[in-house]
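Okay, structure first, notes after.
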Amino acid sequence: MVRKRGGGFSLTPDKRNGFLICRFWHAGETVTLSTRTRDPAEARRIAAQLYAETVSGRRRVDAPKRGKLSPIVAEWLAAIEPPIVSQGDWNRCELTWRVQLLPRFPNIENLTPASIGDFYQARLREVKRETVRKDRAVLVRFVQWASMQGRNYIDRVEVPPLAKKVRGVQAVPGREVTEIDRAEVLAILRLLPTYSERKRRPVLALITLGAEYGLRREMMEKLRVPEHYKLGDDEIRITAEIDKEGEARALELTPLAREALERIAPEEGLIFGRYDYRRTLRKAAAQVIGEERARYLTLRDLRHAALTDLAECTQSVGAVAAIAGHRDLQTTSRYFNARKRAATAALRARTAADRRLATVTGTVTVPDPQSGTTTLPRKKGDGRVAQLDRALPSGGRSRGFESLRVR
């Protein structure tokens, strides 16, 4: 170390490139400046100039951008506490930083584009792309806030985008959604008692709202009279503070929902509260869909069934999103994907179209979805029969479609 006699700075070589670094104490902080030279004499001259400019105030010195990141994150979380954002959004931000981001970015100097890219790669080996996208959104919001505070302890970090083609992996092989159609849901509702056997909880109304609107259980636990519903109302009001996404909306009462709520709504206070409804639901569901499918049935499955059924009844993504309380239409679009029964219906519709075509062209034996195979009359000399024959697969045909060949 080279120290100037009578001065307040020292010179030490940088291990990375050999440049001499000027260090001194000023305004309660250690200031570190590079002289950009390896020559000791030249470095002393430059260091003396840097020191004089800093002490006299001619040179503005930023506070060191290093140290723990957790205090800055805590300040950000305090700045966006509800009602600035919804409680669900705040919980998600806090959980993301506590569990995922702070362990990987403990210090300010760790937050760089390269380290963020490494974070993406590590997370994509654990979870799907959608989860990493949400983690990145939280990080972007924090960086934008921190860089706009007019302070010098953190720079604006360019958060790299997430590549479009990455997919990630399933985090935990969780339980798949129990597929249940509208007819089965209505049959289950008819078997449910108004109150549970043991603790006299209003299970029928709770499950009816879940099946009619696809409402989340956590939100329904907070419904109150008269804030969200009272006897005689034609709608149920979802306020921003009880919704996970902070989406306020009013939903018209369906006949089933109205009847269920009028039976159990109190004069004031919580309508449902928190209790375990699963035993009563699964007992009734076992009589309709069997014990195997009903074993793990929950309101999550009924929410999926309700939103999928609504998606099949309408082509409006926005309408389903308004009922579900989705801010991102991409989330709603998942319920518009063809399910197994929709795919089966599409294939059967195409088979029916092939039968109508064959009716004109000749005798063709085709599978009838209801009654089995059907033989249609054939007209000799019609070239379209051979065209249909060539269009249909000759080998490796799917089960149930072998008889589409012209005979």
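The values are calculated or read from the model by the stated rules, or taken from the named source; none is laboratory data. Predicted, not measured: the structure shown is a model, and the values here were computed from it. Quick reminder, even Gly has a Cβ in these numbers, built from the backbone with ideal geometry, and neighbours come from all protein chains shown.
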Query raised in the report: In the stretch 190-216, what count of residues is obtained for those that are of a type in the set (Asp, Glu) and either crowded, with 20+ Cβ neighbours inside 10 Å or under 16 Å from Leu299 (Cα atoms) (or both)?
Result: 1
Query raised in the report: Out of the stretch 50-74, which residues are at pLDDT 80 or above, more than 12 Å from Ala27 (Cβ to Cβ) and touching a strand residue (DSSP E or B) at 6+ places or on another chain (Cβ under 8 Å)?
Result: Leu50, Tyr51, Lys68, Leu69
Query raised in the report: So which residues in the stretch 8-43 are part of a helix (DSSP H, G or I) and in contact with a Phe, Trp or Tyr (Cβ under 9 Å, 6 or more places away or on another chain)?
Result: Ala43
Report task. Search the stretch 115-135 for residues being farther than 23 Å from Trp76 by Cα and aliphatic (A, V, I, L, M), and hand back the single one that is surrounded by the fewest Cβ atoms within 10 Å (Cβ to Cβ). Result -> Ala122
Query raised in the report: What is the number of the single condition among (1) within 27 Å of the chain's Cα centre (by Cα); (2) surrounded by 13 or more Cβ atoms within 10 Å (Cβ to Cβ) that Thr254 does not meet?
Result: (1)
Query raised in the report: Looking at Ile116, is it hydrophobic (A, V, I, L, M, F, W, C), closer than 19 Å to Cys93 by Cα, in the same structural domain as Trp76 (by TED's automatic domain parsing) and modelled with pLDDT of 90 or more?
Result: yes
Requested in this report: Please work out if Glu126 is farther than 30 Å from Ile238 by Cα, of a type outside the set (Ser, Thr, Tyr), not assigned by TED's automatic domain parsing to the domain that holds Asp328 and not in a helix (DSSP H, G or I).
Outcome: yes
Query raised in the report: Do we have Leu223 as touching a residue at least 24 places away in the same chain (Cβ under 8 Å), touching a helix residue (DSSP H, G or I) at 6+ places or on another chain (Cβ under 6 Å) and closer than 30 Å to Glu259 by Cβ here?
Result: no
Query raised in the report: For Ala41, are the conditions met, namely being surrounded by fewer than 14 Cβ atoms within 10 Å (Cβ to Cβ) and farther than 19 Å from Ala163 by Cβ?
Result: yes
Query raised in the report: Only one of (1) buried (at least 18 other Cβ atoms within 10 Å of the Cβ); (2) assigned to a loop (DSSP other than H, G, I, E, B) fails for Glu81. Which number is that?
Result: (1)
Query raised in the report: Among the candidates Arg405, Arg356, Arg378, which residue alone is loosely packed, with under 14 Cβ neighbours inside 10 Å, at pLDDT below 85 and at negative phi?
Result: Arg356
**Report entry** Residue in the stretch 234-243 that is surrounded by fewer than 14 Cβ atoms within 10 Å (Cβ to Cβ) and either in the same structural domain as Ile84 (by TED's automatic domain parsing) or free of Cβ contacts under 8 Å to residues at least 60 places away in the same chain (or both) present
**Finding:** yes
Query raised in the report: From the list Arg136, Arg156, which one is charged (D, E, K, R), part of a helix (DSSP H, G or I) and out of contact with any Gly (no Cβ under 6 Å at 6 or more places or on another chain)?
Result: Arg136
Query - Pairs with Cβ under 8 Å, 6+ apart, first in the stretch 76-92 and under 17 Å from Arg216 (Cβ atoms), second surrounded by 11 or more Cβ atoms within 10 Å (Cβ to Cβ) and aliphatic (A, V, I, L, M) - result: Ser86/Ala240; Trp90/Leu77; Trp90/Ile80; Arg92/Val138
